[in-house]
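Working notes, beginning with the structure itself.
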Amino acid sequence: MSRAPLRIGIVGGGIAGVGLALGLSRHRHLDVQLFESAPAFGEIGAGVSFGPNAVRALAGLGMGEAYAELADRTPAPWQDVWFQWRRGEDARLLGETLAPGVGQSSVHRADFLDALARRLPFGLARFGKRAVGVEQRDDGIRVDFTDGTSYEGDVLIAADGIKSALRGDVLAGLGLPQAAPRFTGTCAYRGLIDSDRLRAALIARGVDMALIDVPQMLLGLDAHILTFPVKQGRLINVVAFVSDRSEADPQWHPQQPWVREASWREMLNAYADWGVAAQTLLECIDTPTHWALHDLAQLPGYVYGRLGLIGDAAHATLPHQGAGAGQGLEDAYLLAQLLAEPGLTAAQIPEVLQVYDRLRRPRACGVQQTSWEAGELYELRDPLAGDDDARLKVTLATRFDWIWNYDLEDEVARARQALGWATSVTA
Ligand SMILES: Cc1cc2nc3c(=O)[nH]c(=O)nc-3n(C[C@H](O)[C@H](O)[C@H](O)COP(=O)(O)OP(=O)(O)OC[C@H]3O[C@@H](n4cnc5c(N)ncnc54)[C@H](O)[C@@H]3O)c2cc1C
C-alpha cells in the first residue's frame with residue numbers, strides 16, 4: 001500500500017539549504033520544497049574554502065561533481081598545503097598546515113551556488129517567500145510568509161542564516177531566551193585581485209612568489225590577512241581582519257550596515273606598520289568591502305517539535321577556521337540521510353530531529369568555540385603561544401585535524417542506532 005510522501009519544507013537557499021535540498025531531492029519518495037526570500041538564489045563574489053570534512057559532506061549530498069568542476073586546488077608541490085603561516089611585519093615563514101589529499105580547496109561563492117541551483121529539480125524552489133513564523137500541531141507544521149501565503153509540511157528545516165526569522169520559534173518553544181547575532185569586535189576588508197596583476201606587483205617589489213602560488217595567512221597583533229586562489233587561479237581572494245579587543249562586549253550600532261564599501265586609504269591605514277608583502281597585497285584590491293563580523297552564542301537547542309535549525313541559523317561562527325559553511329553541510333548531510341529513510345513516518349519526525357540535535361550541536365558548538373580561539377591565536381593573543389614563532393608553528397600544524405578528520409558515516413551510524421534503526425545506511 002503506497003503512503004503519502006513525507007513533506008519536507010526548507011526555508012533559506014544558501015549553501016546549507018540548497019545542499020539539503022539537493023541531498024533530499026534524489027529520493028523520489030520525498031516531497032521537498034525550498035522557500036527563499038530573495039527573488040533568486042544569490043551569493044557574493046568572494047571565495048569560500050572547504051576542509052576535507054566539508055568536501056566529503058558535499059560529495060555525500062550529490063554536489064561533488066559540481067564542486068570538482070569549479071574548485072581550485074593548490075598546485076604541486078604544495079597540493080597538500082592548507083595555509084602557510086607568516087608574520088605580517090616581514091612575511092617570514094613560520095610553518096604550514098597540511099590537509100593531506102585536499103590541501104586548500106575553494107570555490108567562487110556565486111559560481112558555486114549557481115551550479116548547485118541548476119541541479120535542483122524544476123519547481124522545487126520558490127522565490128520571494130520570506131518566512132515570518134511557524135505554527136505546529138501534533139501532525140504537522142505550517143510556515144507563514146510575508147506575501148500572505150503559507151506552506152504545510154511534516155517537517156520544516158530553517159536554513160535562513162545568521163539573522164534567522166525562525167530561530168526564535170525554536171528557542172521560544174524550548175522556553176529559552178532569544179539569541180540575536182552579536183558583534184565580535186572583528187571587522188574584515190575583502191577583495192578579489194587579478195592574479196597576473198598581483199604577480200607583476202610582487203615581482204616589482206621583490207616579494208616571495210609563494211604569496212601568490214600558495215594560500216597564505218599573515219599574522220600580526222590584533223590583525224591577520226589570508227589569501228587563497230579562486231576561479232582556477234585567475235583571482236586571488238583576500239580577507240584582511242582587524243580586531244578591537246578593548247571592549248569585553250563590543251556593540252555594532254543597529255542602524256549601521258554590516259557590509260559597506262571601504263576606501264583604499266582606510267584599509268591601508270589599518271595595516272600601516274605591516275611589511276611590504278602585506279602592503280603590496282592590499283594595494284592591489286581596487287574596491288574593498290568592509291564587513292562587521294557577527295556570530296551567535298552557542299545555542300542550547302537546535303530543534304523544537306517538527307522545526308529544526310541548520311547552518312548559520314543554528315551556529316554562525318567567526319570564519320577563522322574556514323569551517324562555517326562546512327558545518328552547515330555536515331548538518332545537511334546527517335538530516336538528508338535520516339529524512340530519506342524509507343518507511344519514515346510523519347509521527348517519527350520529532351524523534352529524528354532530537355537525535356540530529358544531540359549529535360550535531362556539540363560538534364558545531366566546538367567549531368564556534370575553536371574558531372574564536374583561532375582568531376586569538378592568529379592575532380598573537382593566545383595565552384600559551386602569544387607571539388612566539390616556535391609555539392605558533394607547533395599549534396598551527398595540528399589544531400584543525402579534529403574538524404577535518406570527522407567521520408560523517410560514523411555519525412550517521414550513531415544516529416541510526418539512537419533511533420533503533422538497522423545500522424546500514426540508505427543509498
Ligand atoms: C568573511 C567570511 C569568510 C568566510 N569564509 C568561509 C570559508 O572559507 N569556509 C566556510 O566554510 N565558511 C566560511 N564563512 C562562513 C560561511 O559563509 C557561512 O557559514 C555560510 O555561508 C552560511 O550558509 P547558510 O546557508 O547557513 O546561510 P546563508 O548563506 O546566510 O543563507 C541563508 C539564506 O536564507 C535566506 N533567508 C533569510 N531569511 C529568510 C526568511 N525569513 N525566509 C526565507 N529565506 C530567508 C537568505 O536570503 C539566504 O539565501 C565565512 C564567513 C565570512 C563572514
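The values are calculated or read from the model by the stated rules, or taken from the named source; none is laboratory data. None of these values were measured; they are calculated from a predicted model. Counting neighbours? That spans all protein chains shown, and the Cβs are built from the backbone with ideal geometry, glycine included.
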* Among the candidates ARG167, ARG137, ARG199, ARG182, residue that is modelled with pLDDT under 95 and under 30 Å from SER49 (Cβ atoms) -> ARG199
* To do: Select from the stretch 45-65 the residues that are more than 7 Å from the ligand (Cβ to nearest atom), within 13 Å of the chain's Cα centre (by Cα) and assigned to a helix (DSSP H, G or I) and list them in ascending order.
  => ASN53, VAL55, ALA57, LEU58
* **Sole residue being of a type in the set (Val, Ile, Thr), crowded, with 17+ Cβ neighbours inside 10 Å and assigned to a helix (DSSP H, G or I), chosen from VAL412, VAL394** => VAL412
* Structure fact -> Of the residues in the stretch 240-261, those that are of a type in the set (A, V, I, L, M, F, W, C) and part of a strand (DSSP E or B) come to ALA240, PHE241, VAL242, VAL259
* Working carefully through the options GLY148, GLY161, find the one that is on the phi > 0 side of the Ramachandran plot, within 11 Å of the ligand (Cβ to nearest atom) and assigned to a loop (DSSP other than H, G, I, E, B). => GLY161
* Asked: Does any residue in the stretch 15-43 that is in contact (Cβ under 8 Å) with a residue 60 or more places away in the chain come within less than 8 Å, Cβ to Cβ, of a residue that is among the aromatic types (Phe, Trp, Tyr) and near the ligand (Cβ under 9 Å from one of its atoms) six or more places away or on a different chain, and which pairs are these?
  -> VAL18/PHE41; PHE35/PHE145
* Name the single residue, out of those in the stretch 273-315 being under 13 Å from ASP169 (Cα atoms) and in a strand (DSSP E or B), that is nearest to the ligand (Cβ to nearest atom). => LEU309
* Structure fact -> The condition from (1) free of Cβ contacts under 8 Å to residues at least 24 places away in the same chain; (2) farther than 21 Å from SER195 by Cα that LEU268 misses is numbered (2)
* Inspect all residues belonging to the stretch 27-44 and state whether any of them is away from the ligand (no atom under 16 Å from the Cβ), modelled with pLDDT under 95, within 22 Å of ALA125 (Cβ to Cβ) and surrounded by fewer than 18 Cβ atoms within 10 Å (Cβ to Cβ). => yes
* Asked: Does the stretch 188-202 contain at least one residue that is within 11 Å of the ligand (Cβ to nearest atom), more than 30 Å from GLY9 (Cβ to Cβ), of a type outside the set (D, E, K, R) and buried (at least 19 other Cβ atoms within 10 Å of the Cβ)?
  -> yes
* Structure fact -> In the stretch 98-143, residues that are within 14 Å of the ligand (Cβ to nearest atom), over 16 Å from ARG7 (Cβ atoms) and assigned to a strand (DSSP E or B) total 6
* LEU377 being surrounded by 22 or more Cβ atoms within 10 Å (Cβ to Cβ) and free of Cβ contacts under 8 Å to residues at least 24 places away in the same chain -> yes
